[in-house]
There are 2 protein chains.
Amino acid sequence: MRGAEINTWQAVQTEVLRRIRAHIWRPGDAIPHEEALAEEFGCARATVNRALRQLAEDGLLDRRRKAGTRVTLNPSRKAKLDIPVLRVEIESKGMRYFHEIVSREVAAPPLAARARLQAKPGEEHLHLVALHMGDDAPYVYEDRWINLAAVPKARKVDFTAISANEWLVRNVPFEGGEIAFSAVVATKRDAAILRCAQGDGLMAIDRITRRAGQVVTAVRQTFKPGYQLQAQL
Amino acid sequence: MRGAEINTWQAVQTEVLRRIRAHIWRPGDAIPHEEALAEEFGCARATVNRALRQLAEDGLLDRRRKAGTRVTLNPSRKAKLDIPVLRVEIESKGMRYFHEIVSREVAAPPLAARARLQAKPGEEHLHLVALHMGDDAPYVYEDRWINLAAVPKARKVDFTAISANEWLVRNVPFEGGEIAFSAVVATKRDAAILRCAQGDGLMAIDRITRRAGQVVTAVRQTFKPGYQLQAQL
DNA sequence: CAGTGGTCTAGACCACAAG
DNA sequence: TTGTGGTCTAGACCACTGG
């Protein structure tokens with residue numbers, strides 16, 4: 001007899017995965033088309049489509065109209081990173097969250113920052129330096145520019161009551177942006193603010209958030225020594 | 001007259017997104033149920049479902065049976081990272097790829113590595129240290145343990161012809177794993193291998209890959225100074 | 001218990017791209 | 001040109017969970 005019927009998309013996906021892992025279908029091979037699989041499994045084509053579509057999104061299959069479906073040759077491992085609001089991240093580790101504003105000014109950004117902000121010379125931005133603490137120890141320190149032309153309301157917000165990140169997330173729906181991770185060496189200033197040693201290796205995250213073609217905010221967050229960013233494969 | 005009909009799942013998604021961004025539906029609010037939206041948009045419920053399901057996967061909506069659909073209160077920004085095979089990454093930057101084996105031995109891993117490998121004392125593993133080059137300059141240096149109990153074939157593979165990563169991806173279908181990013185300071189040894197200065201800040205990636213409950217391989221990759229990991233939000 | 005999302009089906013038409 | 005995936009529909013039943 002045949003095994004249990006394969007008539008849910010998860011079951012189809014599991015079976016297809018099994019065949020890929022068992023090398024019944026090898027990297028680069030074409031697999032049967034949806035209609036054929038639907039007939040074999042005894043389910044609707046939409047069910048097969050749902051299963052294969054997700055495997056394609058996960059990078060295990062390559063699908064093209066007319067060309068059919070193939071097992072990906074060079075599967076790039078995809079990691080999904082959650083970048084939570086810092087308060088949530090710190091509190092989820094069981095620590096008490098607190099943050100303080102180190103400095104706040106309205107000014108025209110210097111040349112280096114202007115490029116990232118797509119700002120014209122002399123255009124005023126809000127410049128915030130803030131420190132996020134977990135259990136009274138520095139956790140991350142951020143240097144942020146907020147485009148007042150895009151977010152005029154920000155000029156009057158009390159960012160000691162709510163962090164800039166959190167306020168922006170809640171009040172300025174963003175449409176996209178870029179994020180980059182790099183490793184830096186703690187400068188004397190970094191060390192003083194984060195209470196670490198000069199020369200420590202620190203993780204830095206640079207983010208740019210856009211809306212309607214404008215840059216809403218650009219921020220560099222510098223994490224305490226030993227910080228790890230984790231994800232599942 | 002009404003605008004163009006909303007009868008593709010992308011159009012539904014766009015319209016829902018617009019309402020979230022325009023704060024017509026605010027964070028924490030419940031939105032109409034699928035059937036109501038389907039009627040409003042003049043499309044099938046399955047179409048609405050497809051649109052909302054993906055928004056939920058992206059973290060913008062919370063959906064629960066009976067409770068309905070709500071706009072997520074603390075949207076964590078999700079970044080999708082592609083971790084390609086290094087050869088592909090380097091070649092995609094227009095550089096010529098080359099790699100060399102620094103050392104290769106079969107040995108029982110030391111205590112520190114044993115934990116990550118879930119290995120018993122005395123269990124033999126393949127220990128590989130390799131250097132990946134882009135245009136004859138060191139790009140990343142990796143220290144890898146391969147579990148020979150899980151992958152006996154690896155013992156005889158010529159890893160000068162194909163990198164361990166690439167061989168494993170093609171020959172040992174993995175089922176999952178963890179990845180962690182951190183910042184380290186270049187040791188004297190790191191500096192010698194990567195041809196950088198001792199004390200430079202370096203990005204390090206630790207990966208563990210599993211299959212059938214076993215650890216297949218654990219690797220630490222240390223990148224050249226200035227390396228950035230980029231992603232879209 | 002009953003409301004809501006989750007999924008399946010059978011059929012249809014469309015969009016894209018390989019040959 | 002034509003095969004293949006992409007999507008929509010209308011209806012149905014199921015699974016979970018809030019009240």
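Could you pull the copy-to-copy label distances for A:D29, with points set 7 Å along Cα to Cβ, in nm to one decimal and sorted shortest first?
Distances to the matching label points in the other copies: 5.1 nm.
Return an integer: the convex hull volume of the alpha-carbon atoms of segment A:9-71, in Å³ per residue.
Working: hull volume 4.6 nm³, N = 63.
Expressed per residue, the convex hull around the Cα atoms of segment A:9-71 is 74 Å³.
Taking each residue in A:197-205, count the Cβ atoms of any other chain within 10 Å of its Cβ, then average. What number comes out? List each step's numbers first, then the result.
Numbers: counts 1, 0, 3, 4, 11, 4, 7, 4, 2.
Average per residue, whole number: 4.
Give the longest segment of chain A that steers clear of GluC sites (Glu not before Pro) in DSSP loops with at most 16 neighbouring Cβ atoms within 10 Å, not counting the sites themselves. The partial results should precede the final answer.
On the way: sites that count: A:E5, A:E123, A:E124, A:E175.
So the longest stretch without any such site is A:6-122.
So which trypsin sites (Lys or Arg not before Pro) in segment B:1-83 pass both tests, a DSSP loop state and at most 10 other Cβ atoms within 10 Å of the Cβ? Intermediate values should be presented prior to the final figure.
Numbers: sites: B:R2, B:R18, B:R19, B:R21, B:R45, B:R50, B:R53, B:R63, B:R64, B:R65, B:K66, B:R70, B:R77, B:K78, B:K80; in loops: B:R2, B:R65, B:K66.
Answer in residue order: B:R2, B:R65, B:K66.
Between A and B, which A residue has the Cβ nearest their rotation axis, distance in Å?
Per the A/B rotation axis, the closest residue of A reads A:A183, 2.
Averaged across B:18-31, how many Cβ atoms of other chains sit within 10 Å of each residue's Cβ atom?
On the way: counts 1, 0, 1, 6, 1, 3, 0, 0, 1, 4, 1, 0, 0, 0.
Averaged over the peptide's residues, the number is 1.
Give the relative contact order (percent, whole number) for segment A:86-223; include only Cα pairs under 8 Å separated by 6+ residues.
Reported as a whole number, the value is 23 percent.
Measuring from a point 7 Å out along Cα→Cβ, what nm distances, shortest first, does A:N7 have to its partners in the other copies?
3.0
Do the alpha carbons of any pairs in B:K153/B:K188; B:K93/B:K224; A:K93/A:K224; B:K80/B:K156; A:K224/B:K80; A:K93/A:K188 sit beyond 26 Å of each other, and which pairs? Could you put the intermediate results ahead of the total?
Details: B:K153/B:K188 34 Å; B:K93/B:K224 15 Å; A:K93/A:K224 15 Å; B:K80/B:K156 35 Å; A:K224/B:K80 24 Å; A:K93/A:K188 28 Å.
Over 26 Å Cα-Cα: B:K153/B:K188; B:K80/B:K156; A:K93/A:K188.
Would you calculate the separation in nanometres between label points at A:N7 and A:A46, each defined as 7 Å from the Cα along the Cα-to-beta-carbon direction?
1.5 nm
How well do other chains shield peptide A:224-233, expressed as the mean number of their Cβ atoms within 10 Å of each residue Cβ? Before the final figure, lay out each step's value.
Working: counts 0, 4, 3, 3, 6, 8, 6, 8, 4, 11.
Across the residues of A:224-233, the mean count of other-chain Cβ atoms within 10 Å is 5.
Each reported figure results from applying straightforward, stated rules to the coordinates on display, with no laboratory input. In this text, all values refer to a predicted model and were calculated from it rather than measured experimentally. A quick note on method: Cβ atoms are made from the backbone with ideal geometry, for glycine too, and the neighbour counts reach across all protein chains shown.
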